[in-house]
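*Asks:* Dropping a structure here in structure tokens format, bear with me for questions.
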Amino acid sequence: MHKSMMDKHILITGGSGSQYAADILDRFLSEGANVHVLTRDIESSKKKLSDKFLIYKSQLNLYEVDYQKYQSLEMAVYSASKKSGIDALINCAATAKIGRVEDVSMDDWNAVFHLNVNIPLVLSKLTAPFLRKSEFGCILNISSIYAERSPKHFIYGDSGLNSPLNYGASKAALQYMTKYLATYWSPEIRVNALVPGGFYAGQSKDFVSEYVNFVPMKRMAEKGDLGGAAVFLCGQDAKYITGQCLLVDGGWTCW
């Protein structure tokens, strides 16, 4: 069977974290890519990805980084590039500060923007020289439907888990950066964003029931939904696509 990412080198942040990242990582590995994961805790990531190492040991590489230190990121990119260059960067690492707008401090706000916006920019700049050398060169930013729409606060009830302003605002900034860099670095580097809807991860039945009322496809995202879209946007079938924010939300943003 043809594997579309065979021997490509993909640098991804957050690859051992969220369900989004896990789905994307799984798909790239299964398509034959060599995946270089940046992580803040290499031992924790080894445990989380232990099953992947059993199957894809020769394809999977981990690099511990401190997202507060530019030199740490620079060294990780250099180490990853020594293998065979870098063909694609996937900015998937993200954070949010849950809480009422009135209660989230500016330090919290700045911390969210640092990881969700500043780090993708820094890594885009660091990898750009390598991406230009690749006929494949592209950047994929992982955004959110909350960059497109405000959350439906009422579906969260009294849980206090509403998607916060800091998260959606940072993802909106990431989408603007996607479009800017797509025009700035074209035609050598393609830059796109993947905009996923809510991913099922054991949420309560009440929450899921409320959420899917606003999804034409009547379900949350699940394993396989995001990885395929990510591989498409990074692959040769998307070679004429840049500056786009692809919604993978089951139609949530249609209403």
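The values are calculated or read from the model by the stated rules, or taken from the named source; none is laboratory data. Because the structure is predicted, anything quoted here is derived from the model rather than measured. With ideal geometry, Cβ positions are generated from the backbone for all residues, glycine too; neighbour counts draw on all protein chains shown.
*Asks:* Failed condition for residue 222, given (1) out of contact with any Phe, Trp or Tyr (no Cβ under 9 Å at 6 or more places or on another chain); (2) surrounded by fewer than 17 Cβ atoms within 10 Å (Cβ to Cβ), with all others met?
*Replies:* It is condition (1) that residue 222 fails.
*Asks:* Take segment 204-255 and flag every residue that is part of a loop (DSSP other than H, G, I, E, B), more than 16 Å from the chain's Cα centre (by Cα) and under 18 Å from residue 145 (Cα atoms).
*Replies:* 213, 214, 215, 216, 217, 218, 219, 220, 250, 251, 255
*Asks:* Among what's in segment 62-88 and is free of Cβ contacts under 8 Å to residues at least 60 places away in the same chain, touching a helix residue (DSSP H, G or I) at 6+ places or on another chain (Cβ under 7 Å) and not in a helix (DSSP H, G or I), pick the residue that is farthest from residue 120 (Cα to Cα).
*Replies:* My answer is 62.
*Asks:* Residue 96 is checked against (1) surrounded by 17 or more Cβ atoms within 10 Å (Cβ to Cβ); (2) in a helix (DSSP H, G or I) and fails just one. What number does that condition carry?
*Replies:* (2)
*Asks:* Of the numbered conditions (1) touching a helix residue (DSSP H, G or I) at 6+ places or on another chain (Cβ under 6 Å); (2) farther than 22 Å from residue 236 by Cβ, residue 154 fails exactly one; give the number of that condition.
*Replies:* All conditions are met except number (1).
*Asks:* Continuing with the same structure: Filter segment 96-118 down to residues that are in contact (Cβ under 8 Å) with a residue 60 or more places away in the chain and either of a type in the set (Val, Ile, Thr) or touching a Gly at 6+ places or on another chain (Cβ under 6 Å) (or both), then give me how many there are.
*Replies:* 4
*Asks:* For residues in segment 131-189 being aromatic (Phe, Trp, Tyr) and outside any helix (DSSP H, G or I), which is farthest from residue 19 (Cα to Cα)?
*Replies:* 185
Condition check ((1) at pLDDT below 95; (2) over 22 Å from residue 230 (Cβ atoms)) across all residues:
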| position | (1), (2) |
| --- | --- |
| 129 | no, yes |
| 137 | no, no |
| 147 | no, no |
| 151 | yes, yes |
| 179 | no, no |
| 200 | yes, no |
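*Asks:* Report yes if residue 240 is aromatic (Phe, Trp, Tyr) and surrounded by 18 or more Cβ atoms within 10 Å (Cβ to Cβ), otherwise no.
*Replies:* In short, no.
*Asks:* Given the conditions (1) closer than 29 Å to residue 198 by Cα; (2) surrounded by 21 or more Cβ atoms within 10 Å (Cβ to Cβ); (3) without any contact (Cβ under 8 Å) to a residue 60 or more places away in the chain, report the number of the one that residue 131 does not fulfil.
*Replies:* So the condition that residue 131 fails would be (1).
*Asks:* Name every residue in segment 1-50 that is among the hydroxyl-bearing types (Ser, Thr, Tyr) and assigned to a loop (DSSP other than H, G, I, E, B), in order of residue number.
*Replies:* 4, 16, 18
*Asks:* Residues 204, 163: which one is at negative phi, out of contact with any Phe, Trp or Tyr (no Cβ under 6 Å at 6 or more places or on another chain) and of a type in the set (S, T, N, Q)?
*Replies:* So the residue among 204, 163 that is at negative phi, out of contact with any Phe, Trp or Tyr (no Cβ under 6 Å at 6 or more places or on another chain) and of a type in the set (S, T, N, Q) is 204.
Yes/no per residue for (1) β-branched (Val, Ile, Thr); (2) without any contact (Cβ under 8 Å) to a residue 12 or more places away in the chain; (3) surrounded by fewer than 20 Cβ atoms within 10 Å (Cβ to Cβ):
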residue	(1), (2), (3)
188	no, no, yes
194	no, no, no
201	no, no, yes
208	yes, no, yes
228	no, no, yes
233	no, no, no
246	no, no, yes
251	no, no, yes
254	no, no, yes
